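To start, the structure itself, in structure tokens.
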Amino acid sequence: MSHPALAIEALATRLDSPQGEVRAVDGVDLELRRGECLALVGESGCGKSMTALSVLRLLPETGRIADGRVLLEGEDLLALPEAAMRAVRGRRIAIIFQEPSTALNPVLTVGRQIVEVIRRHTALRGRAARRRAAELLAQAGVPDPARRLDEFPFQLSGGLKQRVMIAAALAADPEVLLADEPTTALDVTIQAQILDLLARLQSERGLAVLLITHDLGVVAQMAQRVAVMYAGQIVETATREQFFRAPQHPYSRKLFDALPGPEKRAAALAVIPGQVPPLVGEFRGCRFAERCDEAIERCKWVAPRMVELPGGHRARCLLREKGPAAAPGEPTVVASRRAAAAAAGAPLLEVRDLKVHFPIRRGVLRRTVGWVKAVDGVSLDIAAGRTLALVGESGCGKTTAGKAILRLLPLAGGSVRFDGADLAALGREKLRRLRRAMQIVFQDPYASLNPRLRVADILAEGMRALGVGASEAERESRVAALLEQVGLPAEAASRYPHEFSGGQRQRIAIARALAVEPRLIVCDEPTSALDVSVQAQILNLLRELQERLGLAHLFITHNISVVEYLAHEVAVMYLGRIVERGTADEVLGAPKHPYTEALLSAVPRISGRREIVRLAGELPSPANPPAGCHFHPRCPQARAECRERWPEAVRLSRTRTVACVLYRSSAASSI
Amino acid sequence: MLAYIVRRLLYAVPILLGVNLLTFALFFVVNSPDDMARMQLGAKRVTPEAIEKWKAERGYDKPLLWNEAAPGLEKATRTIFFEKSLRLFVFDFGFSEDRRDIGREIAARMWPSLALAVPVFAVGLAVCVTFALLLAFFRATYLDFWGVVVCVAMMSVSTLFYIIGGQYVFSKLWRLVPISGYAEGPDALKFLVLPVVIGVVAGIGANTRWYRTLFLEEMARDYVRTARAKGLSEPAVLFGHVLRNALIPILTGVVAVIPLLFLGSLLMESFFGIPGLGSYTIDAIQAQDFAVVRAMVFIGSVFYIAGLILTDLSYTLVDPRIRFE
Amino acid sequence: MPVVLATDVLLWLLVAAGIGYALYCRGRAHLAAPWARVFRSPAAVAAAVVLSAYLAVALADSLHFRPALARNAEGGARGYSVEVLSVLDALVPGLRTRTEKTYSAPLATRSFAKEQIELPGGGITRDFPRLRWGGAHLRDESEWAQDVAWRTAKGLGLAAVLIGFAALALRALRRRRPEVPWHAGFLAFAVLAVIFCPAFALAGGYHVLGTDKVGNDVFYMALKSVRTSLVIGTVTTLVLLPVGVALGIMAGYFKGWVDDVIQYVYTTLNSIPGVLLIAASVLMMQVAMDRHPEWFATAAERADAKLLVLCAILGLTSWTGLARLLRGESLKLSELEYIQAAHALGVRHGRILARHILPNVAHIVVIAMVMDFSGLVLAEAVLSYVGVGVDPSTSSFGTMINAARMEMSRDPAVWWTLATAFVFMLALVLAANLFADAVRDGFDPRVRVGEVAPAGAR
């Protein structure tokens, strides 16, 4: 019997932390076959990255491998002396990391960083090595590779940097590639490019790829087999088909249920209660038992072993000893609850032609020589009780637009009317009073709460500043009410932010916004820093609050499935401008603008592969946008006139507008 | 790039003007020229005539800012502020208490200062970077631990003790080099060896520890993990990747002090009797020779600003991220 | 009659503030946690014990009074000596008053220099005369070794008793807080006891560390210098703290022209070489003080005022480092989302500075304070050498070194004054450095407080 390309047996990795010894990887068995892509799936902190680093013996200094074997073609890597291990790294097993901008050395040229691998592991030197590096870049899809060799990483975009990383990883023709969240830091259209590239290289070279990801959509698109990791252990392994048809571990099933999507709009998302248990100390029973709604008494006391199920499917669950679980029922695609809901009333917020420009200063006297037009003429409306999703890739200006609407940034032009009052024209004091009505929830739950204030003070701050509540006592009781409203215990009031998990902090941030009784909340990527199971909790909370309090939400996000689940209306932004807007059904169901189309098709779906509209290149700089339609250099349907001028928005229905020349003929009226 | 340098140079003007105003306020407003005259003349000879004579000899007999008595433009120019402070801008420093041209004195004393400061600087840099690299290479071992302990102990000793101890051991006990003194030409060597060694040793503790921190910080970065994942050996990672990045803050920090080398070292020069600018300054302070102190303050500021500009320039040279902006 | 010197007040205020801060931290887990981390380091615990010993000496030396003179015959108003003494002087009365003529070596019974001595039977010889105090109780110098051994033994006995008490305390402390490495503190205490108990026992009859040129006891001078060092190291920080903090966070938070102005001010100040700026300021203050002798009632007050002015000048010339550090940090903080949330909630600037910015840079202030301390102690020595340090009548390590540095070239060398200053300073600065390291590691290892050398000790 031939060996698998890489076999991990009973791997145990320990990390020292102030809280004690963390069992980051605790008895992992995995088998990666030749030419296969195995996806290792799990939420943050489950030990999937540590597994990859353990294979290469590149653990941080606080970590060590306590037990187990890592067999490369039958040879135990953990038994090798360090020098022999160095000959394996890069030559037989290569790795690419999540964050290409920090994984490349900032002061060395791209060429040097690739040639270094070639020199280390092959006989090529000098010119030949350089030529080989250029070839590799070309294979990794880097345009104009010979010129790129002499550039520095900071001169490349995120997508190109990741291609360089891939080129360097493959330079010595390794057998195994470990890809640690290779597309998590990238935008969805770039992610699609990189995933394509990885899939192509894998099949061309017969690479064995261990793909580490948290994104089930990526798994569905890339993997042949799947391993699910939870709290340092593998809890399920299966082929992709088996896994997506009928996941066997309750955790895997919950992960699917917690994913937002259009078909789940009718109801609240399933959530996994509680948090991943701390990996300090011993476990007795099943690690998932406390959060599992199928748990039986025995789960608390008996550590489950891997149960073999038909077809090579395996799951670490006591319930599966009786046999496999049935495939979950197809979720019925309900007619959109939202479309059925009464049409929106008069808009609460009307934004017209909003502009935010940042100066570019140059020269001796730092004179302004140009402007970065981060937001360049954005118009939108939101009615009470409705959610408008502002969608776009990073750098498109969506967050800037959100902050400018709240006047947290100075406006360069346009108007923001809130309930009839023009915010742009208000003075400081009047604006301060209006702040009660509009609040914001930020992306990063760790940066959005002052670590030095108790939760009660965080919640009361806005009330004090804006005069909500007549007395301290009244504010105190309001704090208690708010905590209950967002699902936190009352004793949270006297604690500090660091005592809470990311999801709980986001609840505190929501409560802080609610404290001043706003009517509009700008949600700036509130769930993008959270794991899927926690994201579901927050999305449920936001929806529930909206229904109860009649809040208007401006939901800024790049995550299409969240939009599909949550939004009533959608506006798609590209390089400072809105290219398409309409109701969620209109825009997401039948995208009209080529960019919307490409964006939607690039999202990896768990329902399997489908045709992707590929976009060339990346988002240009807003300091120097392309002439005419900003999107034309990447547009598969661009025409000559697209280069000439920006197309006016065309109204296609009562609720829908598109800014694209393709729809000019059918224009009913132009705004 | 050029615009940038021009901007920095222009920025130097208000700073030097500020320095000028500050020293002017310190020297002439807090105390009047009369007070200085009294102090310089000493208790026994203080008569109003003596004070007037002292002031007239030194040009301190004019009004501070505005001369009503003078005609036309000279109302502003025949003042202490103009003659004593603004003249510094054209490097006209006037005369010291012992009636010597300060400008000429400074020009002559710069060279002994440099002869001591440059070797201390260059050797010190090389030694400290080497030690720091060693400690970083052997990080988390006993060598590293005790290395840091020695560094902390060494930086806890006052420079004065290094000098006094060095002179006692090498010059008095072992009679290897003269205790102090200076000579022109190659003879200077035997006078300079000891101060250079002491200067280097006195700086080892603080600098080695500082550079080690920079190296370790750099070694914790992601690209170092990438380099190891390529199969590079530890020395290759250290020299090929870490060193280049860590040298950016080291070099730019070091460049800032290069112009200040001209000012010499106060303690070394005064202990070893080297006739440089450091001992000049110290003598002036001890003799309360305000004209010299004022001149040195101004020159010091000029060199400091030169250091700032050099720092910016060196950044653009060693850091490609800034070079290509 | 008690005499209240300005630096006394400030030193005691600082101690009170320190105690207040500790009590404030106690109830707040996030403030106490970094300190708990600091005291997890054995070096920090040992350093803290050594620093406490220095602090105890300094505080005892910071309660001043003028001793009453004997009532004069007419029975008039009670007179007070013009001499200002401290509690420390009262605790070790002999050390201050028992001065010799000139140099004498540690534990010596005879002077360091030969003198003409009249023989009891008439005639004159040249010999080392007996000291007035050192070993004067000995009937015969041959008893010297025995006497010294006996006194040392008595001192060690006392040390043993103290160490015994400390051991009891150690057991109790270990039970209450097992995570703190108390043994390191115990060890430091034991070493201090073993050194100082015999030293004090011997000091009753000898000059343990010799005498200086004018016959002052070197051990006494070293003890007196401790206070000067601590005043310089802490009161200076007290001066620079409000300036540095206020300007630093305002520059970082408000940006724009506020930032430009503050940056201009500190670049200008920074551009003047430290020693020169300090020297110029000190000289000018000196002239002003010479002109107004009526400002001070006693010489002690005058010397104290000079010390205070020196601290103020050091503080006003070295706030720039802290300001720059805090500016950078506030710049980062002001972009953080919780500050933006506060803006969105309509919180006013003053409140944002006080509640959001200041508490989040407080750790840097703490780190800067402890890290500056050792630099300032070293700077004092250099400044006193340059001649712009403390008043010559104030004893400090700087003045000790300055007075003794030429004597190394004598034959045989007069080494004890320098050695004493060296050991006392090294112990203080080393302890401060070790403690500062632990504080930085405990609070935020990434903070880079530049090496503070206001005296440009290069």
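Odds and ends about this structure:
- The range A:258-312, residues that are over 30 Å from A:LEU566 (Cβ atoms), small (Gly, Ala, Ser) and assigned to a helix (DSSP H, G or I): A:ALA289, A:GLY311, A:GLY312
- Single condition B:LEU88 does not satisfy, out of (1) modelled with pLDDT of 90 or more; (2) crowded, with 17+ Cβ neighbours inside 10 Å; (3) within 24 Å of the chain's Cα centre (by Cα); (4) under 30 Å from B:THR252 (Cα atoms): (1)
- Total residues in the range B:127-146 satisfying the condition of being among the small types (Gly, Ala, Ser) and either modelled with pLDDT of 95 or more or in contact with a Lys or Arg (Cβ under 8 Å, 6 or more places away or on another chain) (or both): the figure is 2.
- In summary, B:ALA50 fulfils each of the numbered conditions (1) of a type outside the set (D, E, K, R); (2) assigned to a helix (DSSP H, G or I); (3) within 24 Å of the chain's Cα centre (by Cα) with the single exception of condition (3).
- Qualifying residue in the range B:92-112 (condition: part of a helix (DSSP H, G or I) and within 13 Å of chain C (Cβ to nearest Cβ)): no
- Candidates A:GLU73, A:GLU43, filtered to the one that is surrounded by fewer than 19 Cβ atoms within 10 Å (Cβ to Cβ), away from chain B (no Cβ under 14 Å) and not basic (Lys, Arg): A:GLU73
- The sole residue among A:GLU116, A:GLU99 that is out of contact with any helix residue (DSSP H, G or I) (no Cβ under 6 Å at 6 or more places or on another chain) and under 26 Å from A:GLU618 (Cα atoms) is A:GLU99.
- Scanning the range A:484-516 for residues that are assigned to a loop (DSSP other than H, G, I, E, B), surrounded by fewer than 22 Cβ atoms within 10 Å (Cβ to Cβ) and within 12 Å of chain C (Cβ to nearest Cβ) yields A:ARG495, A:TYR496.
- In the range B:259-280, the residues that are without any contact (Cβ under 8 Å) to a residue 40 or more places away in the chain and at the interface with another protein chain (Cβ under 8 Å from one of its Cβ atoms): B:LEU266
- For the range A:407-426, filtered to residues that are within 13 Å of chain C (Cβ to nearest Cβ) and without any contact (Cβ under 8 Å) to a residue 40 or more places away in the chain, the residue that is farthest from A:LEU348 (Cα to Cα) is A:LEU408.
- Of the helices (runs of 4 or more DSSP H) lying entirely inside the range C:280-387, the ones with 2 or more residues being under 19 Å from the mean Cα position of the chain (by Cα) and of a type outside the set (A, V, I, L, M) are found at C:299-334, C:358-386.
- Residue ID - farthest from the other protein chains (Cβ to nearest Cβ), chosen from residues in the range C:246-283 that are under 22 Å from B:VAL293 (Cβ atoms) and small (Gly, Ala, Ser): C:GLY274
- Test: residue in the range C:233-252 that is farther than 30 Å from B:GLY307 by Cβ, surrounded by 22 or more Cβ atoms within 10 Å (Cβ to Cβ) and touching a helix residue (DSSP H, G or I) at 6+ places or on another chain (Cβ under 9 Å): yes
- Unmet criterion (only one of (1) in contact with a Gly (Cβ under 7 Å, 6 or more places away or on another chain); (2) closer than 29 Å to B:ASP319 by Cα) for A:GLY47: (2)
The rows are residues; the columns are (1) closer than 28 Å to A:GLY45 by Cα; (2) out of contact with any helix residue (DSSP H, G or I) (no Cβ under 9 Å at 6 or more places or on another chain); (3) in contact (Cβ under 8 Å) with a residue 60 or more places away in the chain.
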position	(1), (2), (3)
A:GLU461	no, no, no
A:LEU466	no, no, no
A:LEU482	no, no, no
A:ALA511	yes, no, no
A:ASP524	yes, no, yes
A:ALA529	yes, no, yes
A:LEU545	no, no, yes
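- Only one of A:ARG432, A:ARG464 that is at pLDDT below 90 and within 14 Å of chain C (Cβ to nearest Cβ): A:ARG432
- The condition of being at the interface with another protein chain (Cβ under 9 Å from one of its Cβ atoms) and outside any helix (DSSP H, G or I) holds for only one of B:GLY203, B:GLY231, B:GLY240, B:GLY199, that being B:GLY231.
- Top-ranked residue of the range A:566-598 - restricted to ones that are part of a strand (DSSP E or B) and farther than 19 Å from A:LEU349 by Cβ, ranked as nearest to the chain's Cα centre (by Cα): A:TYR574
- Selection count where residues are surrounded by 21 or more Cβ atoms within 10 Å (Cβ to Cβ) and either of a type in the set (D, E, K, R) or at the interface with another protein chain (Cβ under 8 Å from one of its Cβ atoms) (or both), scope the range C:347-359: 2
- Once the range C:140-183 is narrowed to residues that are among the aromatic types (Phe, Trp, Tyr) and either more than 27 Å from the chain's Cα centre (by Cα) or part of a loop (DSSP other than H, G, I, E, B) (or both), the residue that is surrounded by the most Cβ atoms within 10 Å (Cβ to Cβ) is C:TRP144.
- Considering only residues in the range C:391-405 that are in a helix (DSSP H, G or I) and buried (at least 22 other Cβ atoms within 10 Å of the Cβ), the one that is nearest to the other protein chains (Cβ to nearest Cβ) turns out to be C:ILE401.
- The conditions of being part of a helix (DSSP H, G or I) and of a type in the set (D, E, K, R) are met by B:ARG87.
- Subset tally (residues that are in a helix (DSSP H, G or I) and over 21 Å from A:SER501 (Cα atoms)) for the range A:420-459: 13
Rundown of residues vs (1) within 11 Å of another protein chain (Cβ to nearest Cβ); (2) touching a Phe, Trp or Tyr at 6+ places or on another chain (Cβ under 7 Å), yes/no style:
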position: B:VAL6; (1), (2): yes, no
position: B:ALA25; (1), (2): yes, no
position: B:GLN40; (1), (2): yes, yes
position: B:VAL46; (1), (2): no, no
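- One residue from A:GLY90, A:GLY47, A:GLY74 being at positive phi and either modelled with pLDDT of 95 or more or in contact with a helix residue (DSSP H, G or I) (Cβ under 6 Å, 6 or more places away or on another chain) (or both): A:GLY90
- Within the range A:4-33, if we keep just the residues that are surrounded by fewer than 18 Cβ atoms within 10 Å (Cβ to Cβ) and farther than 23 Å from A:ALA315 by Cα, the residue that is nearest to the other protein chains (Cβ to nearest Cβ) turns out to be A:PRO18.
- Among residues of the range A:154-173, those that are more than 9 Å from chain B (Cβ to nearest Cβ), part of a helix (DSSP H, G or I) and either under 20 Å from the mean Cα position of the chain (by Cα) or not aliphatic (A, V, I, L, M) (or both), counted: 6
The values are calculated or read from the model by the stated rules, or taken from the named source; none is laboratory data. Since the structure is predicted, the reported quantities are computational estimates derived from the model, not experimental observations. Positions of Cβ are backbone-derived with ideal geometry, glycine not excepted, and every protein chain shown enters the neighbour counts.
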